[in-house]
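For reference, the structure discussed in these notes is given below.
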Amino acid sequence: MRFRTAVLFLCLTVSTTISAEDRARGERATGADVADFEVETLIEPEGREFFHFVFAPDGFRDTDEDRALFLEQVERNTTAIRTQEPFASLHDKLKFSVAWVPSKNAGIPDTAEYDRDEGVWRDKISGKTTVFQTKLNVGRYIIEIGNYHSVLAAVDAVEGRVDNLIVIANEKSYGGGARHPVDLPGVAFHVHRESDTPLDYQEALERFTFGVTIVSCEPDIAERILIHELGHSIANLGEEYFRADLTFPDDENHPGLKKPNVSGTDDRDQIKWKDLFGKNGVGAYEGAEGYGKGVFRPWDTGCIMRSERNTAFCPVCDRAIREAMREAMRMEAASAAVR
Ligand SMILES: [Zn+2]
């Protein structure tokens, strides 16, 4: 598989052009410009219906060594996606591109550490400059993006629709993060540094129609972290892990309850996955979204949303990912038809 992917990488490289309109849009942004991104299609599926993953680097310098390191991570993660169900059975509809842009410094600029006395996360500014300003929260394992102008510039540099932007952070610690399109406009609007040009909220709603996934270069399981995070960023899946002593908030509008694999009830006639209940180990197991009580998940221990070391998504998560990808492919086909 590794060899086959490597061959595809060599054979299917197609350069794209950037329209004047996209270039003008990017010039309004703070940080990276569309013209800064060097876009290549790595794997081009046949037909109009496809799901487009675009990889971009953060914390990789403009050196042969860093570029090779980034492409090594791209290949590793592409192979993981193409061999993991439900992506594997859609492999002939998966498009992969890279939007290369170097950072001034190697590694991630900021980390955050938990201040136990104050109960808050504190940034540790290192002075490094990167394109997306990804951030590793030490001990929490989440990498955040600080510059959403650069996210838009990366997406605008790519011809056609982007379904999932995967930012690879040059950092060997465990780390990953995800934003589903339902959350991204709000996050992009609010996550601003004082020096940034503010994003317009209406524009954010219209333009952030893709998922964003972030993953580190952790040597052993980064590609497994990515697969877990794609569950969040593609299908808005919730966590199936939890802390036993925490109780889910008593709030019927809690965003966790909107997730396809999270239920506030264990009543098999009411539960959102009732058609799958009782088959292939699907039931209502207490504990999800980080809370041990008052909320339920479909599988006991085996789902990738429980642990990235698991090898399969449970049937509820598997179906949610397939449905989200099919919906995105229909949108891709529709937008191709009017171009
Ligand atoms: Zn699941």
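The values are calculated or read from the model by the stated rules, or taken from the named source; none is laboratory data. For clarity, every value in this text was computed on a predicted model and none was experimentally measured. Neighbour counts run over all protein chains shown; Cβ positions are idealised from the backbone, glycine included.
General remarks:
- Candidate set from segment 254-277 (those that are outside any loop (DSSP other than H, G, I, E, B) and surrounded by fewer than 20 Cβ atoms within 10 Å (Cβ to Cβ)); member that is farthest from the ligand (Cβ to nearest atom): P255
- Of the numbered criteria (1) assigned to a loop (DSSP other than H, G, I, E, B); (2) assigned by TED's automatic domain parsing to the domain that holds L165, the one G283 fails is (2).
- Of all residues in segment 306-320 being closer than 16 Å to F296 by Cα and part of a helix (DSSP H, G or I), the one that is farthest from the ligand (Cβ to nearest atom): P315
- Every condition in (1) within 12 Å of the ligand (Cβ to nearest atom); (2) surrounded by 19 or more Cβ atoms within 10 Å (Cβ to Cβ) holds for G287 except the one numbered (1).
- Neighbours by Cβ (under 7 Å, 6+ apart or cross-chain): first from segment 209-220, more than 20 Å from P185 (Cα to Cα); second among the aromatic types (F, W, Y): S216/Y174; E218/Y174
- Pairing each residue of segment 229-245 that is over 17 Å from W299 (Cβ atoms) and at pLDDT 95 or above with any residue that is outside any helix (DSSP H, G or I) and within 13 Å of the ligand (Cβ to nearest atom), provided the two are 6+ apart or on different chains, yields C-beta distances under 6 Å for N236/K259.
- Of everything in segment 109-164 that is among the acidic types (D, E), out of contact with any Gly (no Cβ under 8 Å at 6 or more places or on another chain) and not in a loop (DSSP other than H, G, I, E, B), the residue that is farthest from F189 (Cα to Cα) is D115.
- Segment 233-253 - residue that is more than 14 Å from the ligand (Cβ to nearest atom) and either of a type in the set (A, V, I, L, M, F, W, C) or under 25 Å from the mean Cα position of the chain (by Cα) (or both) and, of those, farthest from I143 (Cα to Cα): N253
- Taking the numbered list (1) of a type outside the set (D, E, K, R); (2) buried (at least 23 other Cβ atoms within 10 Å of the Cβ); (3) under 18 Å from A222 (Cα atoms) in turn, S150 passes all entries but (3).
- Filtering N236, N280 for residues that are at positive phi and exposed (fewer than 14 other Cβ atoms within 10 Å of the Cβ) leaves a single hit, N280.
- Filter result for T301 (part of a loop (DSSP other than H, G, I, E, B), within 11 Å of the ligand (Cβ to nearest atom) and not hydrophobic (A, V, I, L, M, F, W, C)): yes
- Flag if L246 is closer than 30 Å to R48 by Cα and either in the same structural domain as A178 (by TED's automatic domain parsing) or outside any helix (DSSP H, G or I) (or both): no
- Some residue of segment 325-335 being assigned to a loop (DSSP other than H, G, I, E, B), more than 20 Å from T83 (Cβ to Cβ), more than 14 Å from the ligand (Cβ to nearest atom) and small (G, A, S): no
- Residue tally, condition assigned to a helix (DSSP H, G or I) and buried (at least 19 other Cβ atoms within 10 Å of the Cβ), over segment 83-92: 1
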